[in-house]
1. From the list (i) 13.7, 46; (ii) 15.6, 53; (iii) 13.2, 37, can you say which value of Rg and Dmax of the Cα atoms in Å was derived from the structure given?
2. What order do you get for 60-70, 35-45, 7-17 when each peptide is scored by the mean count of other beta carbon atoms within 10 Å, highest first?
3. Count the lysine pairs in region 2-93 whose Cα atoms sit under 18 Å apart, keeping only pairs 8 or more residues apart in sequence or on different chains.
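Bear in mind these aren't lab numbers, they're just calculated from the coordinates by the rules spelled out. These numbers were taken from a predicted model, which means no experiment stands behind them. With ideal geometry, Cβ positions are generated from the backbone for all residues, glycine too; neighbour counts draw on all protein chains shown.
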Amino acid sequence: MPEITKVLHDSNRKLIPIVDAGLKYFENSKYVAMANQFNALIRSNLTGEPLIAEVYAPQTVFLDWLNNKSSEVWETGFNDFYDLFKFDAIILDMDENTIFVNGENR
């Protein structure tokens, strides 16, 4: 990806990835672990555990934006993402907690 970014920037073009607000839920996810530590994930009203939904990733969780620590998780993720390749902006797609199934994905 850095090579593509360089080609774009050298020709005076911008790289603007589309990003979804959901976090892919898997066991060793740095960002899910961080959000859990801060109690910053939306929780199921049935189980009290993080609400697992299905969006583009079959198991997705969402930050609770009413928790001030959510911005810390988001910032950490974007700093790590930016370290992979130097994008110029983002398009934040599906910034609401939209899911593709009826109910939780457990």
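1. Given (i) 13.7, 46; (ii) 15.6, 53; (iii) 13.2, 37, the structure-derived one carries the label (ii).
2. 60-70, 35-45, 7-17
3. Working: Lys6/Lys14; Lys6/Lys86; Lys14/Lys86; Lys30/Lys69.
Lysine pairs meeting both conditions in region 2-93 amount to 4.
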